[in-house]
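Colleague: Pasting a structure here, questions to come.
Read the figures in this text as sums done on the coordinates, not as results from a lab. Small disclaimer: the values here were computed from a predicted structure and weren't measured. When we count neighbours, we look across all protein chains shown, and the Cβ atoms used for this are built from the backbone with ideal geometry, even at glycine.
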Amino acid sequence: MEHTIDPGSLLWFAGWLVALAVLFVAGLALPLQTKLKRKGTILYNWIVVLGGIALVVIANGALVLHDSYLDLTREKVFTPSEKAMKVVDTLAQDVDLTYFYQAQDQNARRMKDVLEVMARRNPHLHLRTIDPDKEPTLAENFGVKMYNAGVLQAEGRRILVQSTDENDIAMGILRVLRQRVINVCFLEGHNELPMDNFEFHTHLEGLQGHSHGDANSAVVKMAGHGIGRLRRSLEALGYDARKIVLATMTGVPDDCAVVIDANPRTTFLPAESTALTSYLARGGSVLFMFDLGFVLEPGLAHLLDELGIQPEQKVVIDPLSHYSSDPEMVAVMGYNNSPITRNVSMTFYPGIRPLAQVQAAPGVHSGALFQSSRDSYTKDVRPVDTREVPQKSATSAQPQTPQNAGPRTLAVAATGHLPGAAAGSPEFRAVVVGDGDFASNSFLPYMANSDLALGMVRWLARDEHAPSISSRIPVPPMILLTQPQTLWIFLILEVFLPLVVIAVGIVMWWRHR
C-alpha cells in the first residue's frame, strides 16, 4: 500500500547499500600490508579500522532514523489495512498503546509487526509491546489477564481491546478519543428485527419455499431473525445501544442520538408517530427501514410526506442489476454523492420497496441516496395486515404485469427543520430505506452492506467526519456469485466440458476406426 512506503526512506536505504558496497570494495582494494615503517603501519591500520566502524555506524544510524517498511508477501499479510492507517493518520493527540502478545501465536506476532508499522506512521501513537510470559509483572500492573490484548490510554481514559486485528485496535483508538457518549436506540414493539439477536441464519419461510422477496415476506418469521450484528458493530465503534418501546413511553428520550426502526411489521399507534415527529422536531435523527408490505399509520405517513418521501406498496424487480439469479435481490453499484455513501461499493437488497419522492415541507431538504437500474420495474404487493398463509393450491397466483420500467429510488436522506419546530432547534437528520433485510444478521457481512448501514448511522449521529472503519464480521465460508458468473460456470461445466469429452471420444474412435 502506498502509505507504508516513504520514497525518502527508500533513498536512505539505497545509501546504506552504497555504504556496504564501499566497505566491500575497500576491503578488496586496500592492502593488508604496507611498506611503511612500524608507526606508519599502526596508524594506517587504525585509520582503516576506525573509518570502517565510522561508516558502519553512520550508515546504520541513518537507516534506523529513516526506517522504511516493505511487505513482500503477495497477500500483504504484514501491511496494516488502509482504514486502520487512516485512523492513525488523523491522530492529533497522544495515545499510548501497550500490546500484550503471545510470542508462540503466529497471528499475535503478525499483530506486533503491524502495530509497529502503524506507530512509525504517526509520532502521536506511542507503542509498547510486551510478552507477558517474559514480563508477567508488567501485565499484572496493567491488570491484563489475557493474551493478545491492547491497553489504550488517552487524556485519562483507558480501554482494553482483545484482538489480533488492527481494525479493532484502530476502532479502540477512536473510542478512547471520543469525548461524548452516542446512544443508539432500537425501536421494538412492532415485530422489528431484535437488536439482541446475533443468530446468523435470517430468513422467512413459507409454503412457497425459501425466499427473502415478496413471495413470503409476511408468512412466518423464523426465530433467528435479528439485527444483533449491526448492534455489535456499533458497539465496537464505541456507541451505546439499547432498545426502547414507544408504546410504553411518553416520547423518545432526549439522550437517544439516533433512533433505528428496523423492519417493523405491525402498524404504529398514533401516539408513537406523534412521538417520532416531536423527536425529529427537536433535532433528532432517525433511520427508518420499512420493508415490503409494512403499512404506515396516517401520522407516520404525514411525517414522511413532510420529508418528501412516500413508500409504495410495491416490490422492485431488477432484471439488469441483481444478485445471484433472483431479480428481486436488487444490487446497487452506483450511488449519489453523499457522506453516507462515499466509502460504499456494491450492496444488495433481498426484496425492496420503492420510495416515491414528493415535494418536501418548507425548510426540509431531501435527496435520493441510490436507485435501481434503468431496466427495473415494480409489482404490487399486498399489505402485511391483509396477507394470509397461502394454501398449496394457491401457489399459481395470477401473474402481475410489470409497471413502468425505469430507475426506482430505494433510499432517501433528509435534513432540516420540520414545520412548527422551535426556533433555534438543531436540524434533524433522517434516512429512509425500502428494505430492512440488507442490515440483518444474514446479509450485513456481505459486499458493502455493513459499510452502508454503518455509514447511515454515523451520518445520523453526526459522526461522519471521523475515519470510517468497521470490524471484520466472521461469516461461514460461502461462494457468492452474480448471475453472469453463474451462467458462465454453467456453460463451462455443463456444456463446454461435456462437449469436449464427446469430441475427444469421436476423434479417438475415428483414428482407431
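Colleague: Mind checking the full-extension length gain between I47 and A29? Use 0.36 nm per residue of separation minus the Cα-Cα distance, one decimal, nm.
Modeller: The span from I47 to A29 would gain 5.0 nm if fully extended.
Colleague: Also, I was wondering about something else. How large is ³J(HN,Hα), in whole Hz, for each residue of the stretch 87-94 in order, when computed from phi with the Karplus curve 6.51 cos²θ - 1.76 cosθ + 1.60 and θ = phi - 60°, using x for Gly and Pro?
Modeller: 4, 5, 4, 7, 4, 10, 9, 6
Colleague: Taking every pair of alpha-carbon atoms in the stretch 7-148, what share in percent sits in each 5 Å bin, from 0 to the bin with the longest distance?
Modeller: Histogram of Cα-Cα distances, whole percents per bin: 2, 8, 12, 13, 13, 12, 10, 8, 7, 6, 5, 4, 1, 0.
Colleague: Going Cα to Cα from K83, which lysines come in below 25 Å? Please leave out same-chain ones fewer than 8 positions away.
Modeller: K112
Colleague: In addition: Contour minus end-to-end for M249 and Q153, with contour as 0.36 nm per residue of separation and end-to-end as the Cα-Cα distance?
Modeller: The M249-Q153 span can extend by a further 30.7 nm.
Colleague: I'd like the Karplus ³J(HN,Hα) series for the stretch 310-318: coefficients 6.51, -1.76, 1.60, θ = phi - 60°, whole numbers in Hz, and an x wherever there's a Gly or Pro.
Modeller: 10, x, 9, 7, 9, 10, 8, 10, 10
Colleague: Residues in the stretch 263-277, backbone N under 13 Å from the label point at N191 (7 Å along the Cα-to-beta-carbon vector): list them, ranges by number please.
Modeller: 263-268
Colleague: For A356, enumerate residues with amide H under 5 Å from its amide H, sequence gap 5+ or separate chain, H modeled in the peptide plane.
Modeller: Those qualifying (amide H under 5 Å, at least 5 residues apart or on another chain) are Q310, E312.
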